[in-house]
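Nothing in this text is a laboratory measurement; each read-out follows from the coordinates by a stated rule. Predicted model, so just to flag it, every value in this text is computed and none were measured. Cβ: placed from backbone, ideal geometry, glycine included. Neighbour counts: every protein chain shown.
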Amino acid sequence: MATGQAAGTREQVSIDSLVIRKCQNLDEMRACVALQKEVWNFSDLELVPLRMFVVAEKVGGQVIGAFAGNEMVGFALSIPGARGGRSYLHSHMLAVRKQYRNAGLGRRIKLLQRDDAIARGFELIEWTFDPLEIKNAYLNIEKLGTIARRYTVNQYGITTSPLQGSLPTDRLVAEWWLKSKRVEKLTRSGTNPGFIPLQSIQVPAQIYGWKSDPRTRQRAKEVQDRNRSEFLTAFASGLCILGYERDPRGNGKFLLGKWDENWLYKA
Ligand SMILES: CC(C)(COP(=O)(O)OP(=O)(O)OC[C@H]1O[C@@H](n2cnc3c(N)ncnc32)[C@H](O)[C@@H]1OP(=O)(O)O)[C@@H](O)C(=O)NCCC(=O)NCCS
């Protein structure tokens with residue numbers, strides 16, 4: 001049985017009986033907005049409003065919810081994008097209520113996003129993530145099989161979310177090539193295709209504490225500055241993030257190598 005554990009408590013919540021599906025009405029989309037507020041604690045001005053969820057669904061994006069009975073415990077929001085004449089989906093938000101985390105629900109929501117996208121002819125879903133968030137990086141790269149080779153400096157400016165700790169909102173762009181050998185292999189067997197790591201970029205486990213406390217925030221900023229410069233240099237030289245390692249103390253490490261275009265195609 002898959003269970004999640006609430007931070008700071010011993011409460012266990014099963015995710016086996018949850019229903020994950022597209023949202024079907026305004027009330028369910030309102031529940032997404034409320035969960036967004038709970039998870040990020042943005043000011044009202046920075047919340048993605050109900051209207052945007054409605055528009056996303058109407059123009060070919062995705063509003064997906066995870067439900068425990070009538071209660072929404074997770075959601076994902078994506079919008080369609082276009083680049084070079086090809087359509088893709090940009091996944092803007094993924095959230096899971098605290099008590100339901102670390103039991104595989106985030107991954108399951110993403111897999112439904114993938115199934116729905118493939119059924120509608122998309123080959124790519126992209127999203128951005130904070131390179132200082134060790135858990136998200138691990139989920140995106142190791143559990144879902146995204147790659148990253150683009151970096152944006154301070155994408156949204158400084159936000160009101162405590163998750164961000166008043167740091168610049170630097171972001172990596174995750175590319176999820178839905179039908180690639182890499183992603184197919186990972187979703188089928190749980191293993192990533194091998195590659196030769198040519199560089200690594202470290203994120204210390206203490207980063208969460210440093211970000212959340214104004215007295216230590218400068219240390220988090222120093223890690224961000226150092227890693228930003230390493231990412232920009234590595235990407236400019238043609239390297240790509242292909243792997244992520246965690247050690248027993250919770251430190252994270254991006255592994256970079258050469259992206260092989262052949263991985264985009266099925267065997
Ligand atoms: C990101 C989020 C949606 C993930 O949801 P989730 O249901 O906990 O995700 P999953 O359980 O599918 O996967 C998380 C993985 O990270 C692992 N993990 C947990 N804490 C970790 C940490 N500190 N460092 C590294 N990995 C960690 C989990 O063990 C799990 O891996 P496993 O299946 O091998 O055990 C959820 O944490 C969340 O809502 N966070 C706040 C909002 C956010 O940051 N959203 C993403 C950006 S838009």
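Arranged from highest to lowest average of other beta-carbon atoms within 10 Å per residue, in what order do the peptides 224-234, 36-46 appear?
Going from most to least packed, we get 224-234, 36-46.
Here the spin labels are modelled as points 7 Å beyond Cα on the Cα-Cβ line, and at ASP27 and GLU261 they lie 5.2 nm apart.
Each of ILE158, ILE141, ILE207 has some number of other Cβ atoms within 10 Å of its Cβ, and from fewest to most they run ILE158, ILE207, ILE141.
Within 11 Å, Cβ to Cβ, of VAL73, how many net charges do the neighbouring residues add up to if Lys/Arg are +1 and Asp/Glu are -1? Around VAL73, the charge tally is +1. Segment SER189..ARG107, full-extension length gain: 28.1 nm, with 0.36 nm per residue of separation and the alpha-carbon distance subtracted. Highest mean first, the peptides 107-114, 187-194 sorted by other C-beta atoms within 10 Å per residue fall in the order 107-114, 187-194. Every helix of 4 or more DSSP H residues in the chain counts as -39500 (n - 2.57), and over all residues that averages to -9000 deg cm²/dmol at 222 nm. Summarising the label geometry, the points placed 7 Å from Cα in the beta-carbon direction at ASP16 and ARG150 lie 4.2 nm from one another.
The alpha-carbon of LYS135 sits under 18 angstrom from the alpha-carbons of these lysines, leaving out residues fewer than 8 places away in its chain: LYS98, LYS110, LYS143, LYS211, LYS253. Taking the Cβ-Cβ separation of GLN218 and ALA119 as r and a Förster radius of 51 Å, what is the calculated FRET efficiency to the nearest 0.05? Taking R0 as 51 Å, the efficiency between GLN218 and ALA119 is 0.60. Label separation (ALA205 vs LYS37): 3.6 nm, computed from points 7 Å beyond Cα along the C-beta direction. Its relative contact order, with pairs defined as Cα atoms under 8 Å and 6+ residues apart, puts the chain at 15 percent. Each of VAL54, VAL223 has some number of other Cβ atoms within 10 Å of its Cβ, and from fewest to most they run VAL54, VAL223.
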